[in-house]
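Heads up, the thing below is written out as structure tokens.
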């Protein structure tokens, strides 16, 4: 059974109802490893070899984070810049991630309607995830359809529970396929 590595990037995880519910839903599920980047690297000094070993052991890599300023939290960007080295993740000899799956699991404060061409943000949220899709392509990975929770700031307990359960079920299907 391939393992799933969740790279969790949230600077204030205990203030997040959505991301905490998602993590709680997968806690203890066999084959799913949660790796809290901010807890591990509060000083942003990333152990590149350790991170590469975690990625090599996984069949699926999930980048779970809130959408902040149309992108990811800064530590996740730093992780990408440092860990996905030329010659390891991409380039002629960079095949360590080839054949693996990359999945974005994100939450957005705005509604789905606000992420339309005629909405407040003038783009579909998936447009802001294109750097992740292209990162996957460059590394020879498959980019899975992202998991998105819109309106995270106003989601009620029932919506959060349903989203977290759907997230868990999706990851279990990925693990088992």
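Are any residues in the stretch 141-167 over 13 Å from the mean Cα position of the chain (by Cα), buried (at least 18 other Cβ atoms within 10 Å of the Cβ) and within 25 Å of residue 99 (Cα to Cα), and if so, which ones?
141
Scan the stretch 30-56 and report the pairs whose first residue is under 20 Å from residue 73 (Cβ atoms) and whose second residue is in a helix (DSSP H, G or I) and at pLDDT below 95, with Cβ atoms within less than 9 Å and a gap of 6+ or a chain change.
36/13; 38/13; 39/13
Could you list all residues from the stretch 1-27 that are assigned to a loop (DSSP other than H, G, I, E, B), modelled with pLDDT of 95 or more and out of contact with any helix residue (DSSP H, G or I) (no Cβ under 7 Å at 6 or more places or on another chain)?
Hit for the stretch 1-27 is 27, nothing else.
Just a yes or no: is a residue in the stretch 77-90 in a loop (DSSP other than H, G, I, E, B) and modelled with pLDDT under 95? Steps first, please.
The initial filter retains those residues of the stretch 77-90 that are in a loop (DSSP other than H, G, I, E, B), namely 84-85, 87-89.
Filter once more, so that each one left must be modelled with pLDDT under 95: none.
Scanning the stretch 77-90, I find no residue that is in a loop (DSSP other than H, G, I, E, B) and modelled with pLDDT under 95, so the answer is no.
Please specify each residue of the stretch 91-113 satisfying the condition of being assigned to a loop (DSSP other than H, G, I, E, B) and touching a residue at least 12 places away in the same chain (Cβ under 8 Å). Break it down stepwise before answering.
If we filter the stretch 91-113 for residues that are assigned to a loop (DSSP other than H, G, I, E, B), which is where we start, we get 91-100, 108-113.
Within the stretch 91-113, 94, 95, 96, 97, 98, 99, 100, 108, 109, 110, 111, 112 qualify.
Does residue 94 meet the test of being in contact with a strand residue (DSSP E or B) (Cβ under 9 Å, 6 or more places away or on another chain) and more than 26 Å from residue 15 (Cβ to Cβ)?
Values: in contact with a strand residue (DSSP E or B) (Cβ under 9 Å, 6 or more places away or on another chain): yes; more than 26 Å from residue 15 (Cβ to Cβ): yes.
Spelling it out, residue 94 is indeed in contact with a strand residue (DSSP E or B) (Cβ under 9 Å, 6 or more places away or on another chain) and more than 26 Å from residue 15 (Cβ to Cβ).
Listed here are the residues, each with its yes/no results for (1) touching a residue at least 60 places away in the same chain (Cβ under 8 Å); (2) over 13 Å from residue 106 (Cα atoms).
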residue: 132; (1), (2): yes, no
residue: 135; (1), (2): no, yes
residue: 154; (1), (2): no, yes
residue: 165; (1), (2): yes, yes
residue: 175; (1), (2): yes, yes
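For the stretch 70-77, indicate whether the set of residues that are farther than 19 Å from residue 149 by Cβ, more than 15 Å from the chain's Cα centre (by Cα) and surrounded by fewer than 17 Cβ atoms within 10 Å (Cβ to Cβ) is non-empty. Explain how you work it out, then say what you get.
First, pick out the residues of the stretch 70-77 that are farther than 19 Å from residue 149 by Cβ: 74-75, 77.
So of that shortlist, the ones also more than 15 Å from the chain's Cα centre (by Cα) come out as none.
No - not one qualifying residue is present in the stretch 70-77.
Quick test of your reading of the structure: residue 57 fulfils all but one of (1) touching a helix residue (DSSP H, G or I) at 6+ places or on another chain (Cβ under 9 Å); (2) over 19 Å from residue 149 (Cα atoms). Name the failing condition by number.
(1)
Considering only residues that are more than 13 Å from the chain's Cα centre (by Cα) and closer than 19 Å to residue 23 by Cβ, which ones fall in the stretch 35-50?
Restricting attention to the stretch 35-50, the residues satisfying the condition of being more than 13 Å from the chain's Cα centre (by Cα) are 38-50.
Residues satisfying the conditions are 38, 39, 40, 41, 42.
What do you reckon, is residue 64 part of a helix (DSSP H, G or I) and touching a residue at least 12 places away in the same chain (Cβ under 8 Å)? It would help to see each step written out before you state the result.
Details: part of a helix (DSSP H, G or I): no; touching a residue at least 12 places away in the same chain (Cβ under 8 Å): yes.
Considered against the rule, which asks whether it is part of a helix (DSSP H, G or I) and touching a residue at least 12 places away in the same chain (Cβ under 8 Å), residue 64 comes out as no.
So which residues in the stretch 114-140 are surrounded by fewer than 16 Cβ atoms within 10 Å (Cβ to Cβ) and either in contact with a helix residue (DSSP H, G or I) (Cβ under 8 Å, 6 or more places away or on another chain) or part of a helix (DSSP H, G or I) (or both), if there are any at all?
126, 127, 130, 131, 134, 137, 138
The values are calculated or read from the model by the stated rules, or taken from the named source; none is laboratory data. Model, not experiment: these values are computed from the prediction. Virtual Cβ from ideal backbone geometry, glycine too; neighbours counted across all protein chains shown.
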